[in-house]
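Each remark here refers to the structure printed beneath this line.
The values are calculated or read from the model by the stated rules, or taken from the named source; none is laboratory data. Just so you know, these numbers come straight off a predicted model, no measurement behind them. Glycine gets a Cβ as well: all are built from the backbone with ideal geometry, and neighbour counts include every protein chain shown.
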Amino acid sequence: MRLRSSQHLLQLTQLAPLALLLSAFAVALPVVPSAFAQDRLKAQPIPEPPPPPPGFELDPALEPQVTILKRGEDSVEEYRISGKLYMVKVTPPHGRPYYLIDERGDGKFARQESHDLGLRPPMWVIHSW
């Protein structure tokens, strides 16, 4: 009989942390929605951004030029910056589009099934001549 009561006590001591965690969760649960409601009441609309400084204009040469072609049944979009082809999007009539991307600027294109696969560091052109 004594062995059973010690086993029962052992089971209760193992359940004590779980009971404490559940009671803390039950107490904190009503507080969470009220905190979100207070934040929602304090929300303000985002102000308009300031105008660009005087004399600042976007360089149209840095904007990508997109040419849409029809090759056979495929729709092909060619993306160029300063006249240099850097990406081609091929959309077949049936199926998912795929991309051909010149990652290094050497004219060798690699195929990608989706435009956002993999981790690629930013490769911005800082200066070219």
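Residues checked against (1) loosely packed, with under 10 Cβ neighbours inside 10 Å; (2) at pLDDT 90 or above; (3) outside the structural domain of Trp129 (by TED's automatic domain parsing):
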residue: Arg71; (1), (2), (3): yes, yes, no
residue: Ser82; (1), (2), (3): no, no, no
residue: Pro93; (1), (2), (3): yes, yes, no
residue: Arg96; (1), (2), (3): yes, no, no
residue: Glu103; (1), (2), (3): no, no, no
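Report every pair of residues separated by at least 6 positions or lying on different chains whose Cβ atoms are under 7 Å apart, first residue within the stretch 41-69 and in the same structural domain as Ile81 (by TED's automatic domain parsing) and modelled with pLDDT of 80 or more, second surrounded by 10 or more Cβ atoms within 10 Å (Cβ to Cβ) and of a type in the set (A, V, I, L, M, F, W, C). Correct list of pairs: Pro64/Ile81; Leu69/Val76. Against the numbered list (1) modelled with pLDDT under 80; (2) over 27 Å from the mean Cα position of the chain (by Cα), Glu113 comes up short only at (2). Of note, Glu77 does not satisfy the criterion of being under 24 Å from the mean Cα position of the chain (by Cα), surrounded by 10 or more Cβ atoms within 10 Å (Cβ to Cβ) and at pLDDT below 90.
Filtering the stretch 59-69 to residues that are of a type in the set (S, T, N, Q) and exposed (fewer than 13 other Cβ atoms within 10 Å of the Cβ) leaves only Thr67.
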